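K.L.:
Have a look at this one before I ask anything.
Read the figures in this text as sums done on the coordinates, not as results from a lab. All values reported here derive from a predicted model rather than from experimental measurement. All Cβ positions, glycine included, derive from the backbone under ideal geometry; neighbour counts span all protein chains shown.
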Amino acid sequence: NNRACRFMTSTPTTRRGKIVCIGDLIVDVWWRVDTAKRNIEHAAVALTSNPDACRIRAGGAGLFANTAALAGFDVTLFSVADYADTTDRMLSKLAKNVDIPHVQYIAGFHTPVKTRYINENGHILVRHDSERETQPPPNFPGPQALGKELADSTTCIVVSDYDKNCFCRTALVEIADAYSVPIFVDAKPKNLRRSEEHTSELQSRQYLVCR
């Protein structure tokens with residue numbers, strides 16, 4: 001609702017804590033098109049003829065990180081990305097609110113891109129997803145870098161699991177447990193069981209699935 005939107009986007013006067021966000025980074029691309037011709041070819045023409053109608057923003061873990069930062073948290077993001085210009089533009093915008101030095105660029109990796117064509121009312125006309133079924137196996141985040149961030153008065157870890165192969169799940173529990181930092185998991189329904197398997201051994205830790 002409007003009240004919630006105003007709260008999440010208002011500039012906080014005090015910081016509310018620190019969140020370490022780990023997960024799948026996605027590029028969201030929004031193209032506003034003129035529906036006068038009412039055909040799919042016109043949406044494609046917009047890619048070259050109307051660049052001012054294009055909006056690029058972070059999705060997945062990046063969307064959560066940016067929203068939490070706007071709500072008053074200090075947020076550090078751990079993820080991986082490719083070298084595409086669209087990804088670079090998205091990260092440049094994200095860096096205005098979120099700490100991103102731990103986003104690693106990896107050769108051969110493909111950052112998922114979700115492109116939506118919308119009309120003047122904001123309704124989605126066409127959506128196209130660009131992603132690969134196989135990606136280089138991640139060995140990320142590194143225990144030393146993650147431990148350093150957790151030691152810096154971190155409130156919690158938020159894991160955004162969209163099953164895009166941007167991070168390694170197996171070591172997260174042990175590292176978080178070593179620093180007594182709670183883990184919150186944002187996962188698609190089909191991935192909930194896997195997340196539960198990796199967090200079940202934390203007997204005294206609060207655990208939340210929020211999707």
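K.L.:
Which cross-chain or sequence-distant (5 or more) residues have an amide H under 5 Å from the amide H of residue 118, H modelled 1.01 Å from N in plane?
P.N.:
Answer set, sorted by chain and number: 31, 32, 33, 125.
K.L.:
Okay, moving on. Rounded, prolate or oblate for the stretch 50-108? Axes are the square roots of the Cα gyration tensor eigenvalues, ordered a ≥ b ≥ c, and the cut-off for rounded is a/c under 1.5.
P.N.:
It is oblate, given that a/c is not under 1.5 and a/b is not larger than b/c.
K.L.:
With a 10 Å radius around each residue's Cβ, average the other Cβ atoms per peptide and rank 23-31, 115-123, 86-94, highest first.
P.N.:
In descending order of packing, they fall as 23-31, 86-94, 115-123.
K.L.:
Residues of the stretch 73-98 with the amide nitrogen closer than 20 Å to a label point 7 Å from the Cα of residue 163, along Cα-to-Cβ, please.
P.N.:
80
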